[in-house]
Amino acid sequence: MIKKGYGKNVLEVSHNEYIDFIRIGKLCELVFVRILSNHGIECNCEEILVPCKYEHRKGSDLILTHSKQEVDIKAANKPFHKRLLVREDQFRAHIHDIYVGAKYWNDDKINFQGYILGKKLKSITPKDFGHGRCRHIFLKNLELIEIFIQLCESSKRVK
């Protein structure tokens with residue numbers, strides 16, 4: 001059981017599903033950090049494995065060193081998940097500069113589909129997909145992750 005001070009099950013799913021949701025999200029973040037590192041892209045991710053004591057983390061788990069842009073990884077972790085989703089309460093608590101959409105298939109297969117800027121996601125009307133209102137975009141409509149990598153490799157701001 002996760003004790004008080006280590007997050008809140010805001011989706012109100014079973015405890016096991018909640019733990020798996022956290023595990024998959026953290027796995028996707030760590031794999032993305034490794035991909036960045038393999039491309040020579042530095043990031044600050046000192047807090048990536050530190051549990052958030054509050055309902056929402058203020059700030060980012062991952063900050064690009066060259067541009068100081070905050071990155072939030074969002075994992076679509078079920079076979080039928082086709083969208084990057086950010087709960088509206090989480091989005092309002094802290095809008096990140098960049099959201100990266102990951103498609104988790106299993107622990108050995110994660111596809112990073114692309115990215116969207118927080119300011120663009122802000123223009124999208126929230127919709128309820130079953131667990132509360134969310135900002136959303138289809139994974140296939142994200143900017144290509146290759147563009148993200150190229151911009152970072154060139155020490156340019158992701159735009």
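The values are calculated or read from the model by the stated rules, or taken from the named source; none is laboratory data. Note that the structure is predicted; figures quoted are calculated from it, not measured. Glycine also receives a Cβ, built like all others from the backbone with ideal geometry; neighbour counts cover every protein chain displayed.
When segment 75-93 is limited to residues that are more than 15 Å from K140 (Cβ to Cβ) and among the charged types (D, E, K, R), the one that is modelled with the lowest pLDDT turns out to be K78. Residue-level check: of (1) free of Cβ contacts under 8 Å to residues at least 60 places away in the same chain; (2) within 13 Å of the chain's Cα centre (by Cα), R92 misses just (2). Which residues, taken from segment 113-159, are among the polar types (S, T, N, Q) and in contact (Cβ under 8 Å) with a residue 40 or more places away in the chain? The one that is among the polar types (S, T, N, Q) and in contact (Cβ under 8 Å) with a residue 40 or more places away in the chain: S155. For segment 71-89, the tally of residues that are in contact with a helix residue (DSSP H, G or I) (Cβ under 9 Å, 6 or more places away or on another chain), acidic (D, E) and farther than 22 Å from I35 by Cα stands at 0.
Annotation for segment 94-110: at least one member residue is touching a Leu at 6+ places or on another chain (Cβ under 8 Å), more than 22 Å from F138 (Cβ to Cβ) and either surrounded by fewer than 21 Cβ atoms within 10 Å (Cβ to Cβ) or at pLDDT 95 or above (or both).
Screening S123 with (1) of a type in the set (G, A, S); (2) farther than 19 Å from R87 by Cβ; (3) exposed (fewer than 14 other Cβ atoms within 10 Å of the Cβ) gives one miss only, at (2).
For beta carbons closer than 6 Å, sequence separation of 6+ or different chains, a first residue in segment 25-40 that is closer than 17 Å to Y115 by Cα and a second that is modelled with pLDDT under 95, the qualifying pairs are E29/I48; E29/D61; V33/C45.
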